[in-house]
Amino acid sequence: MRIMAIQKGDFIKLNYTGRFEDGRVFDTTDEELAKKEEIFNPRGLYGGDVVIVGAGHTIEGLDEDLEGKEAGYSGTVSIPPEKAFGPTDAKLIETVSITKLPDRNVHPGMPVEIDGRRGVVSRVIGRRVTIDFNSPLAGKTVTYEYTIEKLLEEDVEKVQGLLALYTGIRDMEVEIADDAAKINVPTGLTFNQRWLMAKNRVASELFKYAGLKEIQFIEKLTAEAEVPAPAEPEVEAEPASEEEPSESQE
């Protein structure tokens, strides 16, 4: 293993726990802690995420703190809203008529949904209701306790780790030779909308950070195949831009 400071572009395996200032846990890679704090997601992946330092796979403040550390490092970092989940946006706090709500028996702290937008009631005065549509994490200083478990050196590990981050499926079949990768896509992902949006981004990051020159996503369908339900990925897919490299597909 390379013994030197972590730098941008490195693939690392990261374990972490995110807390609010009052100590409440809102995110963790520790399955037992997630269950204890009642935030366990049965479709989530636990045991650590593979991330690329500097690629935006974690919030900005944590991403910056990873640089310069070494594999095996454990530490804690306090992150202000500006480098965490953003400040509270006053434009997303709206006052509406109570008649717009399906349930008119509302109270402060109650989650509501209007026209597909989710928010939390912050105030009720007569027939007027003030709703905060900001993310529950917006405007909050958070603390991350983290451990850099490993610096990944093997290309197959890098590809599998990145795939798990985006798909929620670990240990996908990957073959690499002469800077070209063949990735066998599980049947359950073939028509998964999240995967269809994510795979160009996965390819783009592997071209940029793993030095690959060609990627083949191999999708095979059989009449007898069962369709597994993938875990929820850690990274939300974004539509690929026209400038992103394209991948070949068999």
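Rundown of residues vs (1) in contact with a Pro (Cβ under 9 Å, 6 or more places away or on another chain); (2) farther than 30 Å from residue 192 by Cα; (3) in a helix (DSSP H, G or I), yes/no style:
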residue: 136; (1), (2), (3): no, no, no
residue: 140; (1), (2), (3): yes, yes, no
residue: 144; (1), (2), (3): no, yes, no
residue: 148; (1), (2), (3): no, yes, no
residue: 161; (1), (2), (3): no, no, yes
residue: 164; (1), (2), (3): yes, no, yes
residue: 171; (1), (2), (3): no, no, no
residue: 176; (1), (2), (3): no, no, no
residue: 181; (1), (2), (3): no, no, no
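Which of the strands (runs of 3 or more DSSP E) found entirely inside segment 1-98 contain at least 2 residues meeting this: under 24 Å from residue 150 (Cβ atoms)? Before you say what the answer is, go through the steps one by one.
On the way: elements: 11-20, 25-28, 49-52, 74-79, 93-97.
Ranges flagged: 11-20, 25-28, 49-52, 74-79.
Select, from 150, 182, 208, 220, the only residue that is in contact with an Asp or Glu (Cβ under 7 Å, 6 or more places away or on another chain), surrounded by fewer than 19 Cβ atoms within 10 Å (Cβ to Cβ) and either basic (Lys, Arg) or over 23 Å from residue 55 (Cα atoms) (or both). Even if it seems obvious, please write down each step before you answer.
Details: 150 fails: in contact with an Asp or Glu (Cβ under 7 Å, 6 or more places away or on another chain); 208 fails: in contact with an Asp or Glu (Cβ under 7 Å, 6 or more places away or on another chain); 220 fails: in contact with an Asp or Glu (Cβ under 7 Å, 6 or more places away or on another chain).
Matching residue, one of 150, 182, 208, 220: 182.
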Point to revise | Among (1) part of a loop (DSSP other than H, G, I, E, B); (2) polar (S, T, N, Q); (3) closer than 16 Å to residue 91 by Cα - the single one residue 105 does not satisfy | key: (3)
Check your understanding: Would segment 108-125 turn up any residue that is at pLDDT below 95, among the charged types (D, E, K, R), touching a helix residue (DSSP H, G or I) at 6+ places or on another chain (Cβ under 6 Å) and exposed (fewer than 12 other Cβ atoms within 10 Å of the Cβ)?
Key -> no
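The values are calculated or read from the model by the stated rules, or taken from the named source; none is laboratory data. It should be emphasised that the depicted structure is a prediction, and the values quoted were computed from it without experimental measurement. Counting neighbours? That spans all protein chains shown, and the Cβs are built from the backbone with ideal geometry, glycine included.
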